[in-house]
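The values are calculated or read from the model by the stated rules, or taken from the named source; none is laboratory data. Since we're looking at a predicted model, the values are computed, not measured. Here Cβ is always computed from backbone atoms with ideal geometry, including for glycine, and neighbour counts include all displayed protein chains. Please note that ligands, DNA and RNA were not included when accessible areas were found on the heavy atoms of the full protein model with its side chains. Shrake-Rupley method; radii C 1.70, N 1.55, O 1.52, S 1.80 Å.
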Amino acid sequence: MARSMTTVATAALAATAASVERSLVCSDGVKLAVRQWRSSNVETTGTTGRIMCLHGWLDNCASFDLVAPALSQQFPSHDIVALDFPGHGLSSHKSADAPPQLLAEYAFYVAEAVDCLEWSQSSLIVVGHSMGAGVGVAYAASFPERVSSLVLLEGAGPLARPARDCSKHIRAAIDRRLSYNRVLYPNGNTHEESKKAARVYPSMDVAVNTRRTTARLSPGKQSLSHEAAQALVERSTLSTPTLEHPKGISFRHDPRLQWPSLQYLTHEQVEALWKDIQCPTCLLLATNGWPFDTKSFDTCKTLLQPTHFETLDGSHHFHRDPETAGPVIDQVIAFLENENSATLLNNNNAANQEEETLPSNTI
C-alpha cells in the first residue's frame, strides 16, 4: 500500500527536525554544506549502513526532505547524508579561475565528502536525482568497491553529446566566460562581487513562483508543487533588502552554473560508465518527467541492467512533491530491503561454507 501524503509529510517533519546541518571542508578549501540524519540507534548500536543523497542541477539537499527522513525511519541503523554540491544551496562556490560545472568534478566532491565523513572504509548506498543521478553513475562506475547499491531518480547517467560537437561546446563555454567574467568579477577573483550582481526578487513568493515557472517551461510536461519549490528556494536564497524591495531576496547559487559546460561526455563514454557499474541498481522515472530519448534509454537499460525499474506518477521532482513522493519512497525502500536481504543471505551462505571447510579441531 502506497504511503499517503499525510504519512509522508508527518514523518518528514518529525525526522527533519532531528537532522543536523554540517559543513565539510574539502582538500581544495571548498566547503560542502550537508544535512545529516542519524537515528538514536546509531549512537547506541553503531552504524550498519551509509546513504549518500545527491541532488539535481540548481537544486540542493532540500530535494531529499521527504525521502531521507523516510529512509532514516525505515533503516534506523543507517547514517544518511544529503549534500549541497559546490555552487548550490549553502555550499561555497568554486573560485573564479576554476571550471564551475564538470560532472567529473562533482564526483570528486562526493569522494571528498566520503573522506570527510570517514566513510571510506565501507561501501555506501548512493541515491541520485537528475544531475545527481549522473554524478552517482560516474562515482559508482569509478569506485565500484565503494558503492553497494545505486538508486537513480529521474536520471540514468551524465548528459551525453555527439563527439563531433566537441569544438562547438568548447567555443560556447569560452565565449560565455570571456564576456561574463568581466561582469561577475570586475575587480578580480571574488565572489562577493558576483553576489552583488544577482537579481533581487521582491519577495519569497515571487521567487517560489519563478522556480515553479521554470519547471513548467522545461522540456516535456513538467511541473513543481508549491511545497517542493518553497523548500528548494528557501535553502538557495538569501535576504537582499533594497529600497525598492524591502523584503527582497536573491538566489545564492553560482550564476556560472547556467553557462554552457566546457566539456560533455560522448555517448560512448557514458555507455562505458554503465558497463563499469557493478552494484544492483534501481531506476525510477516519472510519467511527466524529463523526456528521455528512446534509443539512448533502451541502450541504458541494456547496459546498466537495473535490477528494479518502475515508471511512477508525477513530474521531474516526483520524490519531493508530497502528492507523489509516497510511491517513490515505497519503491526505494522495497529495493533496498531486497538488496539487504540478499546481502545477508550471501554473507550467511559464505559463513556456512567457510565453517564446513574448516578442520573439525578448529571449531
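Of note:
- Selection within segment 215-233 - more than 19 Å from GLY248 (Cβ to Cβ), assigned to a helix (DSSP H, G or I) and polar (S, T, N, Q): none
- HIS245, sole failed condition from (1) in contact (Cβ under 8 Å) with a residue 60 or more places away in the chain; (2) open to solvent by 20 Å² or more (accessible area, probe 1.4 Å): (1)
- Residue pairs meeting the criteria (Cβ under 9 Å; at least 6 apart or on separate chains; first closer than 23 Å to ARG216 by Cα, in segment 290-304; second of a type in the set (Lys, Arg)): PRO291/LYS221
- Note on segment 248-259: among residues that are part of a loop (DSSP other than H, G, I, E, B) and open to solvent by 20 Å² or more (accessible area, probe 1.4 Å), the one that is farthest from PRO99 (Cα to Cα) is ARG252.
Every residue, every condition in (1) touching a residue at least 24 places away in the same chain (Cβ under 8 Å); (2) over 25 Å from GLY289 (Cβ atoms), yes or no:
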{"site": "THR214", "(1), (2)": "no, no"}
{"site": "GLY220", "(1), (2)": "yes, no"}
{"site": "SER223", "(1), (2)": "yes, no"}
{"site": "ALA231", "(1), (2)": "yes, no"}
{"site": "ILE249", "(1), (2)": "yes, yes"}
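- If you filter segment 118-133 down to residues that are open to solvent by 20 Å² or more (accessible area, probe 1.4 Å), more than 26 Å from ALA160 (Cα to Cα) and of a type outside the set (Ser, Thr, Tyr), you find that the one that is modelled with the highest pLDDT is GLU118.
- Here GLY220, GLY188 are screened, and the one residue that is under 23 Å from VAL67 (Cβ atoms), modelled with pLDDT under 95, surrounded by fewer than 19 Cβ atoms within 10 Å (Cβ to Cβ) and not aliphatic (A, V, I, L, M) is GLY220.
- Segment 134-166 - residue that is part of a helix (DSSP H, G or I) and open to solvent by 80 Å² or more (accessible area, probe 1.4 Å) and, of those, nearest to ASN288 (Cα to Cα): ARG164
- Residue in segment 72-95 that is open to solvent by less than 20 Å² (accessible area, probe 1.4 Å) and part of a helix (DSSP H, G or I) present: yes
- Index of the failed condition, THR213 passing every other in (1) within 21 Å of the chain's Cα centre (by Cα); (2) at pLDDT 95 or above: (1)
- Unmet requirement for ASP97, which otherwise passes all of (1) in contact with a helix residue (DSSP H, G or I) (Cβ under 9 Å, 6 or more places away or on another chain); (2) at pLDDT below 95; (3) acidic (Asp, Glu): (1)
- When segment 194-203 is filtered for residues that are in contact with a helix residue (DSSP H, G or I) (Cβ under 7 Å, 6 or more places away or on another chain) and open to solvent by 40 Å² or more (accessible area, probe 1.4 Å), only ALA197 remains.
- Pairs with Cβ under 6 Å, 6+ apart, first in segment 146-172 and at positive phi, second assigned to a loop (DSSP other than H, G, I, E, B) and open to solvent by less than 20 Å² (accessible area, probe 1.4 Å): GLU154/GLY289; GLU154/HIS316
- Per the listing ALA98, ALA107, the residue uniquely without any contact (Cβ under 8 Å) to a residue 12 or more places away in the chain and open to solvent by 10 Å² or more (accessible area, probe 1.4 Å) is ALA98.
- As a summary of the residue check, THR324 satisfies the conditions (1) of a type in the set (S, T, N, Q); (2) more than 30 Å from CYS166 (Cα to Cα); (3) open to solvent by less than 70 Å² (accessible area, probe 1.4 Å); (4) at pLDDT below 95 except for the one numbered (4).
- In this structure, ILE277 qualifies as of a type in the set (Val, Ile, Thr), crowded, with 21+ Cβ neighbours inside 10 Å and under 26 Å from SER149 (Cβ atoms).
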